[in-house]
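Enquirer: Once you've had a glance at the structure underneath, I'll fire off some questions.
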Amino acid sequence: MQHWEIAFFFLVIAFVYAAVGFGGGSSYLAVLAIYGLPFHEIRLTALICNIIVVTGGTIVYVREKHVHWKKIIPLVLVSIPAAYLGARLKTSQDVFFIILGCSLLLASVLLWIKTTKNDDRIQAAKESYAKDGLLGGAIGFLSGMVGIGGGIFLSPLLNLSQWDTAKKIAATASVFILVNSIAGIAGQMSQLPSDLNYNRIAILCVAVLIGGQLGSRMGAARFNHLVIRRMTSILVFAAGIEVLVKHIH
């Protein structure tokens, strides 16, 4: 019964996040942490679900030529190995949950911030490969440690700096989440326990596939993105507080 409860939450999360161009990793982690699942399984499940949700969006962005590869490459070139190393870093369960709780609080703040409307008429900021590489590496390492794709951190920061147009930033976040999630899984492979509940992981993957597909098709047209982001921000903040209260002794 617990599997189906979590699956319902995952379906709703995937629906909401797909509507605003994210994978949902931070909220998957929050739900799994609240249910007290083993932390190795928590990180792996969140990353697999991320990949399922953002793959479709990434393909659409590539087809519609919103992916600015020249600007994305410096971000992901550093973030991929950083996410891999972050995932390989051995931490205790309590340390993991404290880092996760702090990350959720940071994510909630970034989600809440209202950025200036950023459309095709706005001139994109001047390219800075070193700055982009540093940003990508820092977010990638944190993402690898906690088991998220990093788009929830990257997208608001790029919007605040007017890095590019809104569509290109959304496309960049999708690519970033996808490659970091893959790198994070690769980094985790050597540490996975033998008693993972693969049936539960499969059920949750199906749930996010359904939710993500519905969200990507309905969300963009029918929902106010700022309202969705702020509702999500409140939920992520509450989950972050709960995780920290449970694991700070």
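Enquirer: Let's test the formula: R0 of 25 Å, r as the Cβ-Cβ distance of Ile113 and Ser92. What FRET efficiency results, to the nearest 0.05? Please list the in-between numbers first.
Expert: Working: r = 32 Å, r/R0 = 1.29.
Efficiency for this residue pair is about 0.20.
Enquirer: What's the exposure ranking of Thr232, Thr172, Thr91, Thr165, going from fewest to most Cβ atoms within 10 Å? Provide the component values of the computation, followed by the final result.
Expert: Numbers: Thr232 24, Thr172 27, Thr91 14, Thr165 19.
Taking fewest neighbouring Cβ atoms as first place, the list is Thr91, Thr165, Thr232, Thr172.
Enquirer: Treating only the Cβ of Lys, Arg, Asp and Glu as charged (+1, +1, -1, -1), what charge dipole size does the chain show about its Cα centre? Round to the nearest 20 debye.
Expert: That gives the chain a dipole magnitude of about 640 debye.
Enquirer: Taking the chain as a Gaussian network, where each spring joins two C-alpha atoms under 10 Å apart, which residue of Arg88, Arg63, Arg217 fluctuates the most?
Expert: Checking each option, the largest mean-square fluctuation is seen for Arg63.
Enquirer: Something else about it: Is any helix in the chain, taking whole DSSP H runs, at least 15 angstrom long along its axis by alpha carbon and on average at least 0.5 on the Kyte-Doolittle scale, and which ones?
Expert: Result, helices passing both filters: 2-19, 39-63, 69-88, 93-112, 129-146, 166-188, 198-222, 225-247.
Enquirer: Using only the alpha-carbon atoms of region 47-104, report the extent along each of the three principal axes, biggest first, to the nearest angstrom.
Expert: Extents along the principal axes: 43, 23, 18 Å.
Enquirer: For Leu157, project a label point 7 Å along Cα to C-beta. Then give me every residue of region 58-80 with its amide nitrogen under 20 Å of that point.
Expert: Within reach of a label on Leu157: 68-80.
Enquirer: Using the 10 angstrom Cβ neighbour count as an exposure proxy, how do Met189, Met145, Met231 rank, fewest first? Provide the component values of the computation, followed by the final result.
Expert: On the way: Met189 10, Met145 24, Met231 13.
Least to most surrounded, the residues fall as Met189, Met231, Met145.
Enquirer: Report the FRET efficiency, 1/(1 + (r/R0)^6), for Arg63 and Ile34, where r is their Cβ-Cβ distance and R0 is 45 Å, rounded to 0.05.
Expert: Rounded to the nearest 0.05, the efficiency is 0.75.
Enquirer: Pop a pseudo-label 7 angstrom from the Cα along the beta-carbon direction at both Gln213 and Leu196 and give the gap in nm to one decimal.
Expert: 2.4 nm
Enquirer: Something else now. Within region 2-247, how many Lys pairs sit with Cα atoms under 13 Å apart, leaving out pairs fewer than 8 places apart on the same chain?
Expert: Within region 2-247, the lysine pair count is 8.
Enquirer: With a Förster radius of 30 Å, plug the Cβ-Cβ distance of Cys102 and Lys70 into 1/(1 + (r/R0)^6) and report the FRET value to the nearest 0.05.
Expert: Values: r = 33 Å, r/R0 = 1.12.
For Cys102 and Lys70, the calculated efficiency is 0.35.
Enquirer: Once region 1-70 is represented by equal point scatterers at the alpha-carbon sites, with solvent omitted, what log10 I(q)/I(0) does the Debye formula produce at q = 0.21, 0.24, 0.28 Å⁻¹?
Expert: Ignoring solvent entirely, the Cα scatterers give -0.85, -1.02, -1.26.
Enquirer: If each residue's Cβ is checked for other Cβ atoms within 10 Å, how do Val109, Val78 rank with the fewest at the top? Before the final figure, lay out each step's value.
Expert: On the way: Val109 13, Val78 22.
Going from sparsest to densest Cβ surroundings: Val109, Val78.
Read the figures in this text as sums done on the coordinates, not as results from a lab. Computed from a predicted structure; not experimentally measured. All Cβ positions, glycine included, derive from the backbone under ideal geometry; neighbour counts span all protein chains shown.
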